[in-house]
Amino acid sequence: MNKVFALLSGDPNADRAVPPTGYTARLTVFTAGAMAFLAVFALSLTLATNRLADRWSSELARTATLRISAPADQIDAQVRAAMNVLDTTPGIATARPLSTQEQQDLLEPWFGPDLPLESLPIPQLIEITETDVGFDPIGLRARLQVEVPGAVLDDHTRWRDPLVQAANRIRSLGFVSLLLIGGATGAMITLAAQSALAANGQVIRVMRLVGARDTYIARAFVRRFTLRAALGALAGTLLGLVAIALLPQGDTAGGFLTGLGFKGAGWLWPFLIPPFAAIVAFFATRAAAFRTLGNLS
């Protein structure tokens, strides 16, 4: 606790070795702010894809669709036969044929609201909901092939798994992006600290002549650059949160967006970015300070 207080309060005599303004100060604040702004979006993307993968896994894992294609005079008989098969299949909780309006709603995004279903040979769809145990799709397909020749079972595995896999990969890329942002922040702050130390080499030599140790001098640089990074990251985080809040919601975007942003307590996660930026700046500046001070001796 004392070390944290000392870092925040500083030493006026040691602070004279660190330029309070100049391009190194502006570079540190700007870099931390820009990287924090990008980190907010990377974190938002990561959390959004995590929610998306969970939703797809949970909503689609327990559903299936039975599609029945048959002549108009046979469709009702095949639907009844299919319902009898489904009702007697272990692992199926519910099964119901979709109404004409429901099938119209499913096709509307592609064909418009005026599609005349009654005059088109549209297959009859049956919505299936599984129990927690689930059913045997291979066995069910075998029964349907015998009793309902026009039925095709779609358990959503064929297109569900690639979607969930893609969401998981995007989530991994989000984490990688956060690591790259942290590494780039550390690299830029290291360069700024080394430049500031080299520019003040004469002042550092004078401080050494009057008895100042390298630890004493390095602490001043570490303090200044850590606080600059924290303040810049805080500003970038706040701007990022405002930008995220102004994004359109998924429902207002026609269902295309899946809720890119933060939900509930997730809005607290971005406030970890400024402390993380301060930690990165602390260790980056400390390593650069001792390395450069060693070269100046």
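The values are calculated or read from the model by the stated rules, or taken from the named source; none is laboratory data. Everything numeric in this text was worked out from a predicted model, so none of it was measured. Cβ atoms come from the backbone with ideal geometry, glycine included; neighbour counts cover every protein chain shown.
Filtering the stretch 215-260 to residues that are at pLDDT 90 or above and under 11 Å from Thr285 (Cα atoms) leaves Thr226, Ala229.
Anything in the stretch 208-239 that is under 23 Å from Ile273 (Cβ atoms) and of a type outside the set (A, V, I, L, M)? List them, or say none.
Of the stretch 208-239, the ones under 23 Å from Ile273 (Cβ atoms) are 221-239.
Phe221, Arg223, Arg224, Phe225, Thr226, Arg228, Gly232, Gly236, Thr237 - these are the residues of the stretch 208-239 that are under 23 Å from Ile273 (Cβ atoms) and of a type outside the set (A, V, I, L, M).
Give the residue, chosen from Arg143, Arg169, Arg208, Arg213, that is over 32 Å from the mean Cα position of the chain (by Cα) and surrounded by fewer than 16 Cβ atoms within 10 Å (Cβ to Cβ). So the residue among Arg143, Arg169, Arg208, Arg213 that is over 32 Å from the mean Cα position of the chain (by Cα) and surrounded by fewer than 16 Cβ atoms within 10 Å (Cβ to Cβ) is Arg213. Tell me which residues, restricted to the stretch 202-227, are over 11 Å from Leu293 (Cβ atoms) and assigned to a helix (DSSP H, G or I). Across the stretch 202-227, the qualifying residues are Gln202, Val203, Val206, Leu209, Arg219, Ala220, Val222, Arg223, Arg224, Phe225, Thr226, Leu227.
Which helices (runs of 4 or more DSSP H) sit wholly inside the stretch 68-182 and have at least 3 residues that are at pLDDT 85 or above and either of a type outside the set (Phe, Trp, Tyr) or not assigned by TED's automatic domain parsing to the domain that holds Met35 (or both)?
Values: elements: 75-87, 100-111, 137-147.
Qualifying helices (runs of 4 or more DSSP H): 75-87, 137-147.
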